[in-house]
1. Could you compute the FRET efficiency for residue B:159 and residue A:235, with r as their C-beta to C-beta distance and R0 at 35 Å, rounded to 0.05?
2. Nearest 5 is fine: what % of DSSP beta bridges in the protein assembly as shown come out antiparallel, could you say?
3. By count of other Cβ within 10 Å, fewest leading, how are C:101, B:67 ordered?
4. Using the alpha carbons of region A:124-185, what is the convex hull volume per residue in cubic angstrom, as a whole number?
5. Return the Rg/Rh ratio of region A:25-160 with Cα-based radii and a Kirkwood Rh.
6. Kindly provide the helix-only [θ] at 222 nm of the protein assembly as shown, computed as the sum of -39,500 (n - 2.57) over DSSP H runs of four or more divided by all residues, to the nearest 500 deg cm²/dmol?
7. List the equivalent ellipsoid semi-axes of region C:172-261 in whole Å, largest first, each obtained as the square root of 5λ for an eigenvalue λ of the Cα gyration tensor.
8. Out of every Cα pair in region C:126-182, what percent are spaced more than 18 Å from each other?
């Protein structure tokens, strides 16, 4: 265990230093990514104004708050892409990772986590700009901010596991892009990324409650911009923890199957 | 004197691949989504050998012979389809942590080091991954840096290093945890001659200092000649020869070369196959059995000022072994 | 013209190349359908809460989405792969091969690549537009159809010019790959009519990266909102941008050849 902590500390330092070398690329990526929530924000604010000030309980200011926090959560949500597996396998990196007495996922969890600190620093001025333009209604309590700080990491872990599992499909088939696209489409609709789930039809909301997507995206946003009582905040963290455990267990199962498949046919 | 225990024990190890056969046409493509036609490819077929601690064994063979497959099976990357292999008492495919901590696999041009940061930082990472005690780590690291003269280069980002320098760094990184067994797959591929020599020397030195067992595959005879007393020749997934390098020549070479110095312009094609002719020096190739007879004839019939009798160059031997396809008849 | 024949030749080669991979057709079709469904769901959601968006009715927005998909297909079939290859060539020095060929370098660099399966998006976009037109119960006159195609072409020319100019900056500054990320984000704004956006965004969408002209205006041709001034404005802007792109290109070439001398 001490060994693992040591590795996390070392790799996070290394990753952070590595990521500092490409601030411009990072910025362009973040700015390009802002287009999506801004579009949603503008469209829904227009709808809200047309409907007399609010729709689904969200005013333009509430939408602004939702989608601006969205940008932070979205950035924290960026983990090892399932498309990266094809690259891993083909470049022989997977073979190299398998030679180590350490589960490869640790490198990615610690590596990406370290980058997030840099990302958050870059995000602040962009958020300030967006807030200036769109005037969000945001008055979180201290408790909300504390829970948010925990919830985004819970979201990070859940999505890491889910996308790791998704990526491993590449061990069994090469026609992966179709499956990935389908997954991302579902995630878009059921996680609160396209719209706050409150605006979705009832049956969608009920379905989404049982799936992990919402807990990796909408939950942290709602923690900060919504009005959840403390009981609900902590209950939400509990459900996040549950999903972390479930997705990790599932990941281990699929990983073992995947490695057996990989070593059977070679890299 | 007790016999040294074998560190690597391989018995009837086999690896067979089932490769999907794809046909052209839309109809066949759709059919293949439901039922795949598979072709059997025997990459490695029932090979057996033992390696004792501290041995340096070279695996020689053309592309596709099965050398890399064998190495991958012994390092745990590939699951054998038949037979058994153990390394240090472990079953490699189980990939136990204690096993992985004692071995290392270096594959020619695939890198493990992080691209954007100095190699020194990557070494730090390896220390953390393998859990190397600080004192031992520092000592090993500094020792290797000095051996390969890398002091000025370790602080530069890896992407700024030349190919040879990068390879040196890769090897250092691969050995920091003082593995007992080294699997080296084409470690000097793509490097210039000087760099190849440096790396060979380093491996030999590591083997000497730490008594590590080394399995090495290579295209380059020079690698094998310099490092390995024992050579395993693999072709079409089977072992053709396992023993001394000189024994290899003995076994497979049906010829000897005669170096003859005569007067310019003399035609010696009647004595044997003329391999080269440079001024007054002619290299002839004759069947082993004929060697003494041809030599005697030459000395008797020609004005020979110098005559040498040598084994066929190893490259030739190897080339002929592989070019012939099926295992050749051992020469008398 | 020789250049047109050259272009057709490249298209044929590109198409034949990819037609080998017929499975890719089904993969592309599936992905496009998924994207279409997501888009339709998004619109359906909006219209479950409001009857119209800033004066645009549902079928009108459907037309905008259709044009967006169609134009997206055209971009991904021709503009994007060529610009990406051009960028790679400039950065790795392999652009020299294009320069030594007896054809205009700009044309060559713009038509070399052709992703035939993106045509799926073009077809899908046209179908969506047709459905929208049907829902609007408008008889599309020949004149309107012609205007539609014409403005589509103009929009495409404008987007091409912008892409070319941005890619051409690689002649001076080597590392511009990240700009591509920006482009995708900006083009995504074309999913909705430009009038939805705040003024400061609208002008940059119209003039700096002419997404408005590429998407909203052709949609207007279908929905009957197109006015003659807008059409003439589009024509003028397209001509200006093509000329500007050409000028930037020539300057870039001079810089490039000078640099590698």
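Values quoted throughout were computed directly from the atomic coordinates according to the rules given, and no laboratory measurement underlies them. Nothing here was measured: the structure is a model prediction, and the numbers come from that model. Cβ atoms come from the backbone with ideal geometry, glycine included; neighbour counts cover every protein chain shown.
1. Working: r = 48 Å, r/R0 = 1.38.
So the FRET efficiency works out to roughly 0.15.
2. 70 percent
3. Numbers: C:101 10, B:67 27.
Result, fewest neighbours first: C:101, B:67.
4. Details: hull volume 8.3 nm³, N = 62.
About 135 Å³ per residue, rounded to a whole number.
5. On the way: Rg = 18.5 Å, Rh = 17.1 Å.
On the Cα set of region A:25-160, Rg over Rh gives 1.08.
6. Working: 35 runs with 507 residues, N = 860.
That comes out to -19000 deg cm²/dmol.
7. On the way: eigenvalues 193, 61, 17 Å².
Largest first, region C:172-261 gives 31, 17, 9 Å.
8. Working: 875 of 1596 pairs.
Roughly 55 percent, rounded to a whole number.
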